[in-house]
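Have a look at the structure below before the remarks.
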Amino acid sequence: MEFKDSFFEKVEKKTKVNKETILNLAEKLQKGNMKDPQTLQSVINTLSEITGKKVSEEQQEKIIKTIIDDKVPKNVGKMF
């Protein structure tokens, strides 16, 4: 078994999110146009499904607008 597989197994045990879902999300983030509303909506929907948190249409619009307008804080880690 490769290191990568054992890593994904640990993540799946903790989060209940499988390797394929994680890799698909990573691919969307890497290859997607993060200024395209449809791409952003797809990423938001995927994250919503993964986390089990419902994101309203209004929340999605706010998130998308914030990202497109480059208003995302540069140091997100300090927000929490």
Please name all residue pairs, on different chains or six or more residues apart, with Cβ atoms under 8 Å, provided the first residue is in segment 58-74 and is touching a residue at least 24 places away in the same chain (Cβ under 8 Å) and the second residue is part of a helix (DSSP H, G or I) and surrounded by 12 or more Cβ atoms within 10 Å (Cβ to Cβ). ILE64/PRO37; ILE64/LEU40; ILE64/GLN41; ILE64/ILE44; ILE67/LEU40; ILE68/PRO37; ILE68/LEU40
Mind checking whether some residue in segment 4-13 is in contact with a helix residue (DSSP H, G or I) (Cβ under 9 Å, 6 or more places away or on another chain) and small (Gly, Ala, Ser)? no
Unmet requirement for LYS14, which otherwise passes all of (1) surrounded by 10 or more Cβ atoms within 10 Å (Cβ to Cβ); (2) among the basic types (Lys, Arg); (3) part of a helix (DSSP H, G or I): (1)
Those residues of segment 32-56 which are farther than 16 Å from ILE67 by Cα and assigned to a helix (DSSP H, G or I) amount to THR46, SER48, GLU49, ILE50, THR51
Meets criteria (surrounded by 10 or more Cβ atoms within 10 Å (Cβ to Cβ), hydrophobic (A, V, I, L, M, F, W, C) and modelled with pLDDT under 95) for MET34: yes
Quick one: count up the residues across segment 1-51 that are small (Gly, Ala, Ser) and in contact with a Lys or Arg (Cβ under 9 Å, 6 or more places away or on another chain). 2
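The values are calculated or read from the model by the stated rules, or taken from the named source; none is laboratory data. Remember, it's a predicted structure, so these values are computed and weren't measured experimentally. All Cβ positions, glycine included, derive from the backbone under ideal geometry; neighbour counts span all protein chains shown.
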